[in-house]
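Chemist: Got a structure here, written out as structure tokens. Questions coming.
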Amino acid sequence: MKTLFIDCGTQLEKVFRKVHRADDPPVAVNAHSQIQAADLPRLLDGYEICIDDHSYMPTAQIAQCKQLRHIVFCGTGASSYMDVPALADLGVAVHTYRGYGDTAVAEHSIALMFACARDIALSDRKIRGGTWGPLEGVQLLGKTLGVIGLGGIGREVARIGAGIGMTVIGWNRTPRPAAGVPQVPIDELLARADVISLNLSLTDETRGFLDAARVARIKPGAILINTARGALVDEAALIDALASGRIGRAGLDVFHAEPLKPDHPLARLDNVTLSPHAAFRTPEASENLLRCALDLVRKVQGYPAI
């Protein structure tokens, strides 16, 4: 079965060459990281397996890829980039995996939390623009960190947060007694937390999880960190809450549509710190990410596990 890594890009290609073993199935590499949907039928012509980093896979275009039977999505969030049930109806199975970069994503969440608390990005922009003026920040010691989603990433966020002296509370769709975090109802978490870290997977049940009603319940002035998926949050309600100051600051690594356009309202708010869906981008996590993708390709093709 022929395999194409459709959006490897120059950054990941070096890592891919490092982790691809001589006894792995051969994989063709497209070195472009930005793929247009209209190009999918041409690029995937003759391929049964596609490795997808973070390219959109619209159903209409995939329907034209007659040989395609498997999409190996690099990570957990395939539902943000494709209609998984619709692709299944076409006979295309979507494979995902988790746990490759829990620490990397958690550290990025904490980095955004610090950056927001001390307005690092805004201060940087002001100094570069010729304005010198210290900004009043937020001290995190003793503040309450609310972690929504206590999977591998959420538990790492909780561990680091506790390590810097924060009081940590959590919420999970199903109770996790072994998480080591006091778990409270979601409305209580939203009302109590000075910092909220969103670490849920995106599913049909969690899409729009922080809707307008829940956004309105967030503690006034709180910091919201999202390194999970943009579609977990009602974007219009978030923008309104940030513009009014009800949510004091936000650190966002994920968005409803990516890449985020420079004229998007979130890009024009001074109390928002942005990063380009990069939370998992460390050498360690990238190597794990691509090794997991190759292991799935091996499994699909019937190669022995390594």
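Chemist: Of 103, 10, 206, how do they rank once you tally other Cβ atoms within 10 Å and put the fewest first?
Modeler: The most exposed by this proxy come first: 10, 103, 206.
Chemist: For the Cα atoms of the chain, what angle does the longest principal axis make with the long axis of helix 152-163, in degrees from 0 to 90, nearest 10?
Modeler: Long axis of 152-163 versus the principal axis of the chain: about 30 degrees.
Chemist: Could you give each residue of the range 249-258 its phi-based ³J(HN,Hα) in whole Hz, using Karplus coefficients 6.51, -1.76, 1.60 with θ = phi - 60°, and x for Gly or Pro?
Modeler: For the range 249-258, the Karplus-derived couplings read 8, 9, x, 10, 10, 9, 8, 4, 10, 10 Hz, x marking Gly and Pro.
Chemist: Now, a different point. Identify all aspartates and glutamates with a Cα-Cα distance to residue 219 below 16 Å; exclude those on the same chain that are fewer than 8 residues away in sequence.
Modeler: Candidates past the 8-residue exclusion: 187, 188, 194, 211, 240.
Chemist: Right, next: Rounded to the nearest 10 degrees, what's the angle between the helix 235-244 long axis and the longest principal axis of the chain, both from Cα atoms, 0 to 90?
Modeler: 30
Chemist: Straight-line reach from residue 2: which lysines fall under 18 Å, measuring Cα to Cα and dropping same-chain residues less than 8 apart?
Modeler: Residue 2 reaches 66, 299.
Chemist: In which sequence would 83, 45, 52, 204 go, from the one with the fewest C-beta neighbours within 10 Å to the one with the most?
Modeler: The most exposed by this proxy come first: 204, 45, 83, 52.
Chemist: Continuing with this model, one more query. Rounding to the nearest 10 and keeping the result within 0 to 90°, find how far the Cα-based axis of helix 102-117 lies from the longest principal axis of the chain.
Modeler: 30
Chemist: Which cross-chain or sequence-distant (5 or more) residues have an amide H under 5 Å from the amide H of residue 97, H modelled 1.01 Å from N in plane?
Modeler: Here 75, 76 satisfy the definition.
Chemist: Next up: I need the peptides 169-177, 290-298, 247-255 ranked by packing, meaning the mean over residues of other C-beta atoms within 10 angstrom, with the highest value on top. Walk me through the numbers on the way to the answer.
Modeler: Values: 169-177: 15.6, 290-298: 20.9, 247-255: 23.8.
Result, highest mean Cβ count within 10 Å first: 247-255, 290-298, 169-177.
Chemist: Give the calculated FRET efficiency between residue 267 and residue 1 to the nearest 0.05, with a Förster radius of 45 Å applied to their Cβ-Cβ distance.
Modeler: Computed FRET efficiency for residue 267 and residue 1 comes out at 0.60.
Chemist: Per the Kirkwood definition applied to all pairs of different Cα atoms, how many angstroms is the hydrodynamic radius of the range 99-180?
Modeler: On the way: mean 1/r = 0.0708 Å⁻¹.
Evaluated over the range 99-180, this radius sits at 14.1 Å.
Chemist: For the pair residue 83 and residue 45, what calculated FRET efficiency results from E = 1/(1 + (r/R0)^6), where r is the Cβ-Cβ distance and R0 = 25 Å, to the nearest 0.05?
Modeler: 0.70
Chemist: Still on this structure, I have one more. Could you tell me what fraction of 2.2 N^0.38 Å the Cα radius of gyration of the chain comes to, as a two-decimal ratio?
Modeler: After normalising by residue count via 2.2 N^0.38 Å, the value is 1.05.
Chemist: Taking only DSSP H segments of four or more residues, each worth -39500 (n - 2.57), what value at 222 nm results for the chain once the sum is divided by all its residues, to the nearest 500 deg cm²/dmol?
Modeler: It comes out at -10000 deg cm²/dmol, rounded to the nearest 500.
Readers should treat all values here as calculations from the given coordinates under stated rules, not as data from a laboratory. On a predicted model such as this, the values are computed, not experimentally measured, just so you know. Because the Cβ atoms are built from the backbone with ideal geometry, glycine has one as well, and the counts that use them run over all protein chains shown.
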